[in-house]
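This report refers to the structure that appears directly beneath it.
The values are calculated or read from the model by the stated rules, or taken from the named source; none is laboratory data. Keep in mind that what you see is a predicted model, and the values were worked out from it rather than measured. Note that each Cβ is placed from the backbone with ideal geometry, even for glycine, and that neighbours are counted across all protein chains shown. Keep in mind that these areas ignore ligands, DNA and RNA; they rest on the heavy atoms of the full protein, side chains included. Shrake-Rupley method; radii C 1.70, N 1.55, O 1.52, S 1.80 Å.
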Amino acid sequence: MGIAVATPRCQVCAHSKLGEINRICMDKKNTNGAIGQIFGVHYKSVSRHRNEHLPKAMVEYATQQAAEVLAVETPEAETPQDQINALMTKARSVLDKVEKKKDYTNTIRALREIRGCIELTAKLNGQIDQGATINIFAAPTWIVLQTAIITALEPFPEARAAVLKALPAS
Ligand SMILES: [Zn+2]
């Protein structure tokens, strides 16, 4: 390292403490000058690195964090709810870590994971209607009423046929 090459390389990317610098760069309170001084890099290099290279580093870091969340061990005997709970626990611990680091990108990701777990739990427990609409024609009251109407119309075959035709196919 340190040997000058024809194409100018990013001093920060080439730095042995790149990971640490990236973490510090993610916090907007740290100025380019301050970071440059700590790591012995020109402030302009820090600025360029922040603008051009940091987003990519953040995406990679976030992908790695997400992979960790997904890599939760799920023994076979567990129910879907157990698996969701395990995922939730893991996502919460990731949330704790990234929140402390003020890593907002990953905080949002962890929150999304947690929200996903809550939604899955609600779906499992039948608290969310998948179609987002209430199907009245599947309601017990409607079925009783429908049977009563059809029975009542038995003396009037034409009306009965018309009603049957108008009813939604079940
Ligand atoms: Zn760089």
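General remarks:
- In this rough spin-label picture, where each label sits 7 Å from Cα along the Cβ direction, the LEU164-GLU20 distance is 8.2 nm.
- FRET efficiency for TYR43 and TYR104, using Cβ-Cβ distance with R0 set to 30 Å, rounded to 0.05: 0.80
- Considering the stretch 1-54, its Cα convex hull presents a mean projected area of 3.5 nm².
- Protection proxy ranking for 9-22, 145-158, using the average of other Cβ atoms within 10 Å per residue and placing the highest first: 9-22, 145-158.
- The GluC sites (Glu not before Pro) found in the stretch 29-100 that occupy coil by DSSP, while having at most 15 further C-beta atoms within 10 Å, are GLU73, GLU76, GLU78.
- Spacing of the two label points (7 Å from each Cα toward its C-beta) at ASP82 and LYS123, in nm: 2.1
- By accessible area, using a 1.4 Å probe on protein heavy atoms only, the stretch 23-116 has 54% of its surface on carbon and sulfur.
- Using the Cβ of TYR61 as centre and a radius below 9 Å, the other residues enclosed give a net charge of -1, where K and R count +1 and D and E count -1.
- When the listed pairs LYS17/LYS44; LYS56/LYS101; LYS17/LYS102; LYS56/LYS97 are checked against a 27 Å cut-off, every alpha-carbon distance falls at or below it.
- Cβ-derived FRET efficiency at R0 30 Å, ALA67 paired with ALA34, nearest 0.05: 0.40
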